[in-house]
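Enquirer: Sharing a structure with you now.
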Amino acid sequence: MSTIAFIGLGNMGGPMAENLLKVGHKVQVFDLSADALARLQQCGAVVAETAVAAVAGAEYVITMLPAGKHVAAVYLDPDSGVLAHIDSKALIIDCSTIDVETVKTVAAAASAAGVAMIDAPVSGGVAAAAAGTLTFMCGGSEEHVDKARDVLGDMGKAIFRAGDHGAGQVAKMCNNMLLAVHMAGTAEALQMGVNNGLDPAVLSEIMLASSGRNWSLEVYNPYPGVMENAPASHLYKPGFMVQLMLKDLNLAMENSRATGSKVPMGSCAKKLYQSQSEVGADALDFSSVLQQLIPDS
């Protein structure tokens with residue numbers, strides 16, 4: 001078992017750190033939330049007073065933070081950054097979903113300091129984080145991704161190396177843009193069927209047996225009452241929140257402009273999720289985009 005520093009114990013990071021504890025790792029945690037620290041302490045984690053204290057003696061340093069600016073600050077801040085305090089034999093694993101440029105900046109600084117790093121954003125949402133069934137999309141050298149597999153395998157079921165630093169983030173952007181597109185399309189098709197008097201459950205069965213079959217329809221149906229365990233049947237309790245999908249789509253749009261990629265479907269999905277956010281639905285599950293498609297009464 002390893003000594004692991006875990007910084008960022010939110011909806012995703014908290015369950016991920018718990019899974020590391022369950023298999024016997026020593027986990028040293030830091031977060032700005034006292035409640036989050038207390039929960040992990042009850043699970044057996046060592047609570048650190050600062051991020052710098054958390055990385056002391058760690059063989060792996062895992063971060064799960066909201067945005068690129070937070071990742072850059074945790075590692076590179078002149079006063080409180082942890083990079084200067086990480087053992088040269090340790091491996092940094094950043095599981096945050098952030099922009100590619102920040103990944104490359106932090107990775108370059110880590111390399112200059114003699115510390116290895118990979119980016120490893122995740123797919124699967126809160127449920128998969130709790131169940132330990134996340135998918136990790138990694139960017140970095142084969143050697144360092146292979147070194148990370150033992151630890152990532154205690155939090156997930158699938159680990160892919162997409163390429164060099166930043167490639168994990170690109171893979172995550174592509175995946176979530178596609179997810180937004182097929183969720184919006186599924187919601188659109190179901191609502192049109194309902195507008196014509198069809199039963200959404202029957203229409204779902206028809207499409208599942210036909211060429212319209214997709215993940216959103218099969219395991220995450222956006223129409224209330226069709227799928228018992230889906231967020232749509234529980235007032236769209238997340239799950240994966242609208243604000244997080246919108247964040248990922250904004251990252252994808254920024255990347256598309258930087259790379260000259262044409263993403264008309266992704267752009268349409270982004271507009272739908274922006275509209276859903278603007279009506280105050282940020283904290284609802286992303287499948288609630290169906291609400292944007294209900295005819296005005």
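The values are calculated or read from the model by the stated rules, or taken from the named source; none is laboratory data. Quick caveat: nothing in here was measured; it's all calculated off a predicted structure. Every residue, glycine as well, gets a Cβ built from its backbone with ideal geometry; the counts of neighbours run over all protein chains shown. Heads up: the accessible areas ignore ligands, DNA and RNA and are worked out on the full protein's heavy atoms, side chains in. Shrake-Rupley method; radii C 1.70, N 1.55, O 1.52, S 1.80 Å.
Enquirer: Pick the calculated Rg and Dmax of the Cα atoms in Å for this structure from (1) 19.6, 57; (2) 21.0, 88; (3) 20.2, 64?
Expert: (3)
Enquirer: Do you know the relative contact order of the chain, to the nearest whole percent, from alpha carbon pairs under 8 angstrom that are 6+ apart?
Expert: It comes to 12 percent, rounded to a whole number.
Enquirer: Among Asp150, Asp282, Asp94, determine the one that fluctuates most according to a GNM of the chain built with springs between C-alpha atoms less than 10 Å apart.
Expert: Asp150
Enquirer: When the helices in the chain are scored as -39500 (n - 2.57) per DSSP H run of 4 or longer and the sum is shared across all residues, what 222 nm value do you end up with, to the nearest 500 deg cm²/dmol?
Expert: That comes out to -14500 deg cm²/dmol.
Enquirer: For a test of the definition: using alpha carbon positions, the gyration tensor, and the 1.5 limit on a/c, classify region 5-158 as rounded, prolate or oblate.
Expert: Cα axes put region 5-158 in the rounded bin.
Enquirer: Got a sec? What order do Asp119, Asp35, Asp87 fall in by accessible area at 1.4 Å, biggest, i.e. largest, first? Could you put the intermediate results ahead of the total?
Expert: Values: Asp119 0, Asp35 110, Asp87 80 Å².
In descending accessible area the options line up as Asp35, Asp87, Asp119.
Enquirer: Counting alpha carbon pairs within less than 8 Å and at least 6 residues apart, what relative contact order, in whole percent, applies to region 40-119? Write out the running numbers ahead of the final one.
Expert: Numbers: 119 pairs, mean separation 24.8, N = 80.
Normalised by residue count, the contact order of region 40-119 is 31 percent.
Enquirer: Something else now. Report the convex hull volume per residue for region 1-72, counting only C-alpha atoms, in Å³. The partial results should precede the final answer.
Expert: Working: hull volume 5.5 nm³, N = 72.
Roughly 76 Å³ of hull volume per residue.
Enquirer: Still on this structure, please answer the following. Over region 187-267, what is the relative contact order in percent, taking alpha-carbon pairs closer than 8 angstrom and at least six residues apart?
Expert: Result for region 187-267 is 14 percent.
Enquirer: Looking at the chain as a GNM with Cα springs under 10 Å, which of His234, His165, His144 has the largest mean-square fluctuation?
Expert: Its mean-square fluctuation being the largest, the pick is His234.
Enquirer: Quick one: accessible area per residue over the chain, 1.4 Å probe, rounded to a whole number of Å²? List each step's numbers first, then the result.
Expert: Details: 13770 Å² over 297 residues.
Ligands and nucleic acids excluded, the result is 46 Å² per residue.
Enquirer: Per-residue accessible area for Met227 at 1.4 Å probe radius, Å² rounded to 10?
Expert: 40 Å²
Enquirer: Further question: For His70, His25, His182, give the ranking by accessible area with the largest first, probe 1.4 Å.
Expert: Values: His70 70, His25 15, His182 45 Å².
Order by accessible area, largest first: His70, His182, His25.
Enquirer: With all protein chains present, calculate the accessible area of Tyr223 using a 1.4 Å probe and round the result to the nearest 10 Å².
Expert: Counting only protein heavy atoms, the figure is 40 Å².
Enquirer: Further question: In square angstrom, rounded to the nearest 10, how much accessible surface does Ile159 have for a 1.4 Å probe?
Expert: Approximately 40 Å² of Ile159 is accessible to the 1.4 Å probe.
Enquirer: Now for a different question. So for Phe6, Phe30, what's the accessible-area order with a 1.4 Å probe, most first?
Expert: Largest to smallest exposure gives the sequence Phe30, Phe6.
Enquirer: For Phe240, what charge total do you get from the other residues with a beta carbon under 13 Å from its beta carbon, if Lys and Arg give +1 and Asp and Glu give -1? Each step should come with its number before you reach the end.
Expert: Numbers: positive: Lys172, Lys237, Lys247; negative: Asp248, Asp282, Asp285.
After counting each charged neighbour, the total is 0.
Enquirer: In addition: Among the trypsin sites (Lys or Arg not before Pro) in region 60-140, which ones are in a DSSP loop with at most 10 other Cβ atoms within 10 Å of the Cβ? Mind listing them?
Expert: Of the trypsin sites (Lys or Arg not before Pro), the ones in loops of region 60-140 whose Cβ has at most 10 other Cβ atoms within 10 Å are Lys89.
Enquirer: Roughly speaking, to the nearest percent, how much of region 125-167's 1.4 Å accessible area is carbon and sulfur?
Expert: 49 percent
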